[in-house]
Amino acid sequence: MNLHEYQAKDLFHSYGIPVPAGKVAASADEAAAAAGALGGAVWVVKAQVHAGGRGKAGGVKLARDVDAVRAAAAGMLGKRLVTAQTGAEGLPVERVYVEAGSDIARELYLSLTLNRERGRIALIASASGGMDIEEVAHQSPEKILAANIHPAAGLQGFQARELAFGLGLSGAEITQFQSLTAALYRLYLDKDLSLVEVNPLIVTRSGALVALDAKINVDANALFRQGELTALRDASQEDPMERRASEHDLNYVSLDGDIACMVNGAGLAMATMDLIKLHHGQPANFLDVGGGATSERVTAAFELILSNSRVRAVLVNIFGGIVRCDLIAEGVINAVKKVGVKVPVVVRLEGTNADKARALLAGSSLAITAAADLTDAARKVVALAARGRA
């Protein structure tokens, strides 16, 4: 689960991490009032969306008077911001964050995330702040500094100091960097985060380190014990289909293709999508109904994938181990009848009660194509989808 910048900065402030003064606004007049309350002569108006690249997309504006703040907010609110991370549809801007201007001398990059190869939290830093970190890593990997944190020892002072030296900090800046990274590490652990990113972390002309931006991702598996953070969830920033899937405990990810997939097991789902691609098709989604799927859950999953207007064919690929194939077949039949499916459906069932499931499908009198194996299923669904596009 992602947080907005203003929410992340509230958390930063509560942990003693320096951030510029700012106020959130839901209207142009509120934005102008926020600028007046903050004081000063320069403000930054930032669109609040769950995506990076806002500045390049016009979602971050510098304003030198209150009228300019009002105009910038009016130009963002109620619109959809399209960035390199949102896709063509963009994300709705319902709030802006008005922040006091900062006297920037240098821009750095800083983040904490899980290094899955090492099984440890990694503190990552770069002197190339304010840029796309992926681009820096690709073009100048030597500029990326990292310290892997031992879970028993925690973040050590020498690790923070080594990174500070690598960033070219000196004197009191190093002390500030140690305190700031220690606070970020406590925040990461306390709130069950999967990512905390500061880009840029600025050094002001007076030598102060300030988090000019803040990005926080919360581990969704830990939300049951993070009630305060769960309350900050903004459903308007989420893919509507992925949100509906979560309500039924379905693992779903939207993709750009036109062949909908319903599979049990993440590994089998990946293999199914690979075979569709191998036979020159394009998956419309990743959907894992799980090992304990019920007829009702399968019906909900079927309704979900068919709500995608791009879908030209559906592939159901179930290996019945814990879940019985006949229950899956019942769910497919119920969904096809309930939704009134107008696209071809290919079903491959193997495992527990597979013969019974095939008999149920055959006796349903519905337009469902049976497949002998996964390769056969992939070929058939790709061919049927191509006919649907013709």
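The values are calculated or read from the model by the stated rules, or taken from the named source; none is laboratory data. These numbers come from a predicted model, not from an experiment. Note that we place each Cβ from the backbone using ideal geometry, even for glycine, and neighbour counts take in every protein chain shown. Heavy atoms of the whole protein, side chains included, go into the accessibility calculation; ligands, DNA and RNA do not. Shrake-Rupley method; radii C 1.70, N 1.55, O 1.52, S 1.80 Å.
Among the residues here, Leu180 does not qualify as among the aliphatic types (A, V, I, L, M), open to solvent by 40 Å² or more (accessible area, probe 1.4 Å) and in a helix (DSSP H, G or I). Of the listed requirements (1) closer than 28 Å to Leu108 by Cβ; (2) open to solvent by less than 40 Å² (accessible area, probe 1.4 Å); (3) over 17 Å from the mean Cα position of the chain (by Cα), Asp190 misses just one: (2). You will find that of Arg297, Arg358, Arg387, the residue that is part of a helix (DSSP H, G or I), closer than 11 Å to Met262 by Cβ and open to solvent by 40 Å² or more (accessible area, probe 1.4 Å) is Arg297 and no other.
Annotation: of all residues in the range 3-40 being more than 30 Å from Tyr185 (Cβ to Cβ) and assigned to a loop (DSSP other than H, G, I, E, B), the one that is least open to solvent (accessible area, probe 1.4 Å) is Gly39. Selection of first residues in the range 365-378 that are closer than 11 Å to Thr272 by Cα and of second residues that are assigned to a loop (DSSP other than H, G, I, E, B) and modelled with pLDDT of 85 or more, restricted to Cβ pairs under 8 Å at least 6 apart or on distinct chains, gives the following pairs, ordered by first then second residue: Ala377/Ala371; Ala378/His279; Ala378/Gly281.
Picking from residues in the range 113-157 that are aliphatic (A, V, I, L, M), in contact (Cβ under 8 Å) with a residue 12 or more places away in the chain and part of a helix (DSSP H, G or I), the one that is most open to solvent (accessible area, probe 1.4 Å) is Ile133. The residue that is farthest from Ile133 (Cα to Cα), counting only those in the range 183-196 that are assigned to a strand (DSSP E or B) and of a type outside the set (Ser, Thr, Tyr), is Leu193. I'd like the residue in the range 334-368 that is in contact with a helix residue (DSSP H, G or I) (Cβ under 7 Å, 6 or more places away or on another chain) and of a type in the set (Val, Ile, Thr) and, out of all such residues, is nearest to Leu304 (Cα to Cα). Among those residues, the one meeting the criterion is Val339.
Close contacts from the range 241-259, counting a first residue that is touching a residue at least 12 places away in the same chain (Cβ under 8 Å) and farther than 18 Å from Asn317 by Cβ and a second that is open to solvent by 80 Å² or more (accessible area, probe 1.4 Å) and in a loop (DSSP other than H, G, I, E, B), with Cβ to Cβ under 9 Å and a gap of 6+ residues or different chains, come to Asp256/Gln282; Asp256/Arg310. In summary, Asn199 fulfils each of the numbered conditions (1) assigned to a strand (DSSP E or B); (2) in contact with a Ser or Thr (Cβ under 8 Å, 6 or more places away or on another chain); (3) under 29 Å from Val289 (Cβ atoms) with the single exception of condition (3).
Determine, yes or no, whether Glu303 is surrounded by fewer than 18 Cβ atoms within 10 Å (Cβ to Cβ), over 14 Å from Ala385 (Cα atoms) and touching a Gly at 6+ places or on another chain (Cβ under 8 Å). When the stated conditions are applied, Glu303 does not pass them. Per the listing Val316, Val343, the residue uniquely open to solvent by less than 30 Å² (accessible area, probe 1.4 Å), hydrophobic (A, V, I, L, M, F, W, C) and modelled with pLDDT of 80 or more is Val316. Evaluation of Gly281 against the conditions (1) out of contact with any strand residue (DSSP E or B) (no Cβ under 8 Å at 6 or more places or on another chain); (2) in a loop (DSSP other than H, G, I, E, B); (3) surrounded by 21 or more Cβ atoms within 10 Å (Cβ to Cβ) shows that the sole unmet condition is (1). Summed over the range 307-359, the residues that are under 31 Å from the mean Cα position of the chain (by Cα) and free of Cβ contacts under 8 Å to residues at least 24 places away in the same chain give a count of 1.
Listed by first and then second residue, the pairs linking a residue in the range 180-198 that is in contact (Cβ under 8 Å) with a residue 60 or more places away in the chain to a residue that is buried (at least 21 other Cβ atoms within 10 Å of the Cβ) and among the charged types (D, E, K, R), with Cβ atoms under 7 Å apart and 6 or more places separating them unless they lie on different chains, are Val198/Asp213.
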